[in-house]
Amino acid sequence: MNHVVTLTGVTKRYGELTALDDVSLGFPRGRFVAVMGPSGSGKSTLIQCAAALDLPTSGSVVIGGVDVGTLNETKRTILRREHIGFVFQSYNLLPAISVEENLTLSLRLAGKRPDRPWITELVERVGLQDHLRRRPAELSGGQQQRAAIVRALAARPDVIFADEPTGALDLRSASQVLDLLRSLVDDLGQTVVMVTHDPAAAARAHDALVMADGRLVDVLPEPTADDLAARLTGLAKRPAFGGAQ
Amino acid sequence: MIRTALAMSGLGGLVVAFFAVFGGMALVTGTGVIIESGLRSSITDQRLTGADVLVSAPQSHWEPESLPIGLPERAVVPAKLIDDLTALPGVATATGDVTFPTALLSAAPGTTRAGATGETSGTRAAGGAPDTTSAARTGRGTLETGEHGAKTVNGASDATLAAAASTSAAQTGEHGAKAVTGPSASAAPTAKVVGGTGHGWASVALVRGAKVIGSAPRAADEVAVSAAHAVRRGTDVEVVAAGKRAVYRVTAIVDTPGAPALWFADRTAAELAGRTGGPRAGTVDLIGLRAAPGTGPGALAEAVERRLGDDYVVSTGSAKGDAESPGTAAARSMLIALPTSIGGISLLIVGFVVGGGISLSITRQRRELALLRAAGATPRQVRGLVAVQGMTAALAALLPGAAAGYALAGWFGELLVHLGMLPERMPLSYSPLPAVAAALLLLGVVRVSAWATSLPASRMPAVSAVRESAAEPRTPSSVRYRSGLLLIGASLLLATPPLYIRGEIAVVGPGTAALVSVIGLALAGPRLVQGATGLLARRLPAHVPAPLWLAVSNTRGYALRTAGAIAALGMAVTLTTSISLSHTTVMRATDEETAEILKADAVVTAPAYGGIPDGLMDDVRRLPGVTAAVATSTTTILTSPFGDGGLQAQPAAVLGPDAGAVVDLGVTGGSLADLKGAAVAVDDRSGDVGDRRTLVLGDGAEVKARVVATYSRVLGLGPVVLSRDLVAGHTTTGLDSTVLVRGDAPLDRLTGHWPGLGIAADSDSPQAGRTSSQLWINVAVLGVLLGYVLVSVANRLVATTAARGPELTAIKRLGATPRQLTAMIRWEALLIALTASLAGLAMSAVPLVLLGIGFLGRPWPAGPLWLVPAAVAVVCVVVWLAFDLTARRLIRRA
Ligand SMILES: Nc1ncnc2c1ncn2[C@@H]1O[C@H](COP(=O)(O)OP(=O)(O)OP(=O)(O)O)[C@@H](O)[C@H]1O
Ligand SMILES: [Mg+2]
């Protein structure tokens, strides 16, 4: 079994509301996986649990052979540093430090020496070499998101989770970011899990997972944009949207 | 406090503004009450309650374009005015009144008054075992008396005392009272002395509701006593009146409220008060008028004013209290002067804190304001919104702040009374006026700072407003930076006076310098913080722990945010160290110089007698072991300390030509032996022997004097020393206040004949006393101000830290463990606390070093130097509490 992260019977509740309902799945190494589904279907909750940013109410998440649920906050953080990179929709760059310092921040926190050639390679790949000394606020949204992706990759994580990385970007910037993610998978064998609402974006992935009401309702290998659009429209029309079962 | 702020930090920066305005309101209202009292308060227990109008000489000195200066020494009125005023229509009676100090000596109940008949048969034992009763009373006196009638003559010492007593008999004999000769047997084991005032019998008519039992004193040896003295009619009492000791027969008891008093036959009173000859011949202290039936006091006062013009003060109602006791007018002008010296600092701090609080609350809303702009609000609308918000927070704080202000003023008044700077019978006057004035002032400050802070945010184009607001770190303005540096530079100049001016006045420079540099620090702070932390970040070894690195980066990145706190904390450190240590330095220098000046081994005072009574000097001189004794007193003169013509009341020592025996002023020209006639000795930097000086004395009289000596030790006795002859007739009591004694003498023996004497081994100069009460006032004010600054800084830190939730969450998501987050916050706290302490110490260092060089001849100030680590520790604790308690919650939640 070659899964970087394995979820078994993961349920996440917020009070009465069940955001994730008994989800079991594994993310295979070296694949580009898209997660789709209507708003509120539990996509963000899913990848946050998978990335150990959050703990499930029940069920287990295993990263690098370790059950996340058995770890305390500090140990979980350390595990995450070693195995996971996360790209947020809102970039999450620290405004007070330069772009370059942002790139190596996670490594610093891990007490690791940054692998300079690797970071330089990544920076050149995303075309940020001229912007390293600037503050994040002085970059465009697309540039900031690319910087965030470099930061996620800097520690060579097993898997990168990206929550709507293109959500705030225009078409061109979004396309650049998607190209980047795809090339990471193709060229470097990186595992990438990306949440998106855009069927065209999801079509760039190897597999598409479809969520509805906190459940994993479909897995589409090598999806096309049309398939996905049709599948999602069907879900959106479901009368029980937001309901229990 | 921090917990409260924490609980309310959800309400945003407005809480900070609220607390800032609350404290500011309390401080300004409190100051206002003090100022208003300086203008309007009056003594509670008037003596001449029966007079409708009092006429007195002005007790304040008016200079063009400045506040009147209160004159503490009695200025007198010619007695011939009494006749003029009696003739005035509407006047029923016009009565001249004089006041002089009296002391009633009394034996313990049950002891007979052996000496009262004037026989020289008193007995006194000198030396012997200490008597605990009198030791307790006089502090150190030892006294033992033999049984009545027993003659325990004890060698030479007793003979000396007998001789001394006969001298005083010769003096008192003049005005006909039975002289007490010989050491009186009234010196019973519990002999007491009760101080009070003395007046002419006519004054009783001016006391409303005085019940007189007995007949008026007519002969020179008769006296009426107030019921408070508790003696019986017909008995003989021993009295020291205006320094003259004699026995009087009590002819009447006068039942009046108020302080103990004695009434003498009018002629006797005039003699005792020195109005029958000498410089004050033919004068009275004041004239009391009773209105004829049908004339109101107001109308009478107007008529008198028309008749007398501006040369005299005509008072009615509570203002009469001022005429009665000139000291109250002086105390009042002190009340006005106090806030002008410390009020500047308070106002500065209030402006600083309130402005900072408002700007913080606005800065925290930058994003919302930007979005508002983007949503179509005009710059004016945005500013209006901000102003309304600030005003709301301020308005809510006004009432509680005012209440706290009145409480604060009351507490401060008690302190002044305790320090003897405010008469107990002159309570502060409370009216809504100070609160109203304070409210207007604070709302003004709030309005202006709200406007100034919201100006950039409101003017910015809407798009960049949103953009900029997202990028919280902003670049500090360079105009602000440069003006800050300029102020810091200017403060260095202001700190130099101690190098070339000697005297207490030189302290003003360093104090101002510290203040100016603090403002400079607040302005230049953001850039300085950016620069310093930038340097630190670059110098930081590559592999420092991530939390430390992040802390440095944050401090630099959010320079505006941190610099505000650093400047406020730095201000606290600067004020504490510079104000306290400059005072202790001057005090130390004054003490040291006083020790060099006064060669006295002991100091004798006679507070119960209102001054050194006649005969005491001789008694002292006749004691075995006394090599020299010099009487001195302190009066007030108006001088121009900065040489710019602006007059200030200042204590000045009064010495006679014999002063040289005990006083060593470091004479550089002339001689103290020439302190005769209209003569003064002056600081050798301010004049030369032979110069002519015009001085304003404590009663407002302008006198001309010759400089007969110059001296170098100006700290101990001040820059001018007056001759006794010069001030004769220009002081209220006409008595010396202190006898400086040289030699190892059994001074305790004096208390047998003169109970209630103060005998002290160390000699304090008048300047030292003044400096130390000034120090206590400063310490009190400083304490309140520091509390205010620290609480408001803590508030600010809590508010800014509480707003960092998203930032902490972000860092945590990037892989920071809770421990690393906590460490980062602590490093930041340490960085801010240390930077603030360093900056604060740096700001006060230059003035203090210069002051040390100028006053102590060494480049550091006098202690207590533990104030420095203490100030640093307090700053560290405040910052640490504010950061750690607030961040702990955020980290748990992040
Ligand atoms: N912290 C929270 N507290 C309470 N409810 C939450 C919380 N986070 C998410 N939810 C709820 O859980 C459900 C799933 O949310 P989630 O954010 O995973 O949806 P999503 O699929 O990512 O939606 P979107 O496409 O809009 O981002 C939603 O109904 C949401 O309201
Ligand atoms: Mg989501």
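Since every read-out is calculated from the coordinates, none of them should be taken as a lab result. A quick note: this is a predicted structure, and the numbers were derived from the prediction, not measured. Glycine gets a Cβ as well: all are built from the backbone with ideal geometry, and neighbour counts include every protein chain shown.
A few points about this structure:
- For residue B:711, the residues whose modelled amide H falls within less than 5 Å of its own, excluding neighbours fewer than 5 places apart on the same chain, are B:668, B:682, B:683, B:684.
- CD proxy at 222 nm, helix term only [per DSSP H run n ≥ 4: -39500 (n - 2.57); per residue of chain A; nearest 500]: -10500 deg cm²/dmol
- Packing rank of B:649-658, A:59-68, B:519-528, where each peptide gets the mean count of other beta carbons within 10 Å, highest leading: B:519-528, B:649-658, A:59-68
- Counting charges near residue A:128 (Lys, Arg +1; Asp, Glu -1) among other residues having Cβ under 10 Å from its Cβ returns a value of 0.
- Inter-label distance for residue A:115 and residue A:60, nm, one decimal - labels placed 7 Å from Cα along Cα-to-Cβ: 3.0
- Using θ = phi - 60° and Karplus 6.51 cos²θ - 1.76 cosθ + 1.60, couplings along segment B:625-638 (whole Hz; Gly, Pro as x): x, 7, 8, 7, 9, 10, 8, 8, 8, 10, 10, 10, 10, 9
- Helix A:73-83 axis, angle to chain A major axis (alpha carbon atoms, nearest 10°): 70
- By DSSP, the beta bridges lying fully in segment B:194-344 are antiparallel in about 60 percent of cases.
- Shown is the FRET efficiency for residue A:197 and residue A:133, computed with R0 = 30 Å from the Cβ-Cβ distance and rounded to the nearest 0.05: 0.30.
- Using a cut-off of 30 Å between Cα atoms, the listed pairs A:12/B:812; B:320/B:704; B:80/B:192; B:320/B:676; A:12/A:112; B:211/B:244 include B:320/B:704; B:80/B:192; B:320/B:676; A:12/A:112 as exceeding that distance.
- Note on residue B:858 and residue A:168: with the Förster distance fixed at 51 Å, the Cβ-Cβ geometry gives a FRET efficiency of about 0.20.
- The HN-Hα couplings worked out from phi for segment B:325-338 by the Karplus form 6.51 cos²θ - 1.76 cosθ + 1.60 (θ = phi - 60°) are 10, x, x, 5, 4, 5, 4, 5, 5, 5, 4, 6, 5, 3 Hz, whole numbers, x standing for Gly and Pro.
- Take each residue of peptide B:805-817, count the partner chain Cβ atoms within 10 Å of its Cβ, and average: the result is 6.
- The value of relative contact order for chain A, using C-alpha pairs under 8 Å at least six residues apart, is 27 percent.
- Two-site label geometry, residue B:712 and residue B:885: point separation in nm, points 7 Å out along Cα→Cβ: 5.7
- 3J(HN,Hα) along segment B:648-662: 9, 6, 9, x, 9, 7, 10, 9, x, x, 7, 4, x, 5, 10 Hz, from the Karplus curve 6.51 cos²θ - 1.76 cosθ + 1.60 with θ = phi - 60°, whole Hz, x for Gly and Pro.
- DSSP-defined beta bridges in chain A - what % are antiparallel, rounded to 5: 55
- 15 Å tail of the calculated P(r), segment A:31-113, as % of Cα pairs: 65
- Amide H contacts of residue B:198 (H built 1.01 Å from N, under 5 Å, at least 5 apart or other chain): B:100, B:102, B:262
- Under the simplified labelling scheme, the residue B:319-residue B:259 pair shows an inter-label distance of 2.3 nm, with each label point 7 Å from Cα along Cα→Cβ.
- Inter-chain shielding of A:80-87 (mean C-beta neighbours from other protein chains, 10 Å cut-off): 2
- 10 Å Cβ neighbours from other chains, averaged over peptide A:91-100: 5
- Contact order relative to length of segment A:48-162, as percent, for alpha carbon pairs under 8 angstrom and 6 or more apart: 36
- The calculated pair-distance distribution of segment B:566-657 uses every alpha carbon pair, bins of 5 angstrom beginning at 0, and gives 2, 9, 11, 15, 15, 14, 11, 9, 6, 4, 2, 1, 1, 0 percent.
- In plain terms, the bigger the Kirkwood radius, the slower the diffusion; for chain A, with that radius from Cα pairs, at 20 °C and 1.002 mPa s, Stokes-Einstein puts D at 117 µm²/s.
- Ranked packing of A:112-120, B:390-398, most packed first, by mean Cβ within 10 Å: B:390-398, A:112-120
- Net charge over other residues, Cβ less than 14 angstrom from the Cβ of residue A:64 (K, R count +1; D, E count -1): +3
- FRET efficiency, residue B:299 to residue B:233 (Cβ-Cβ, R0 51 Å, nearest 0.05): 0.80
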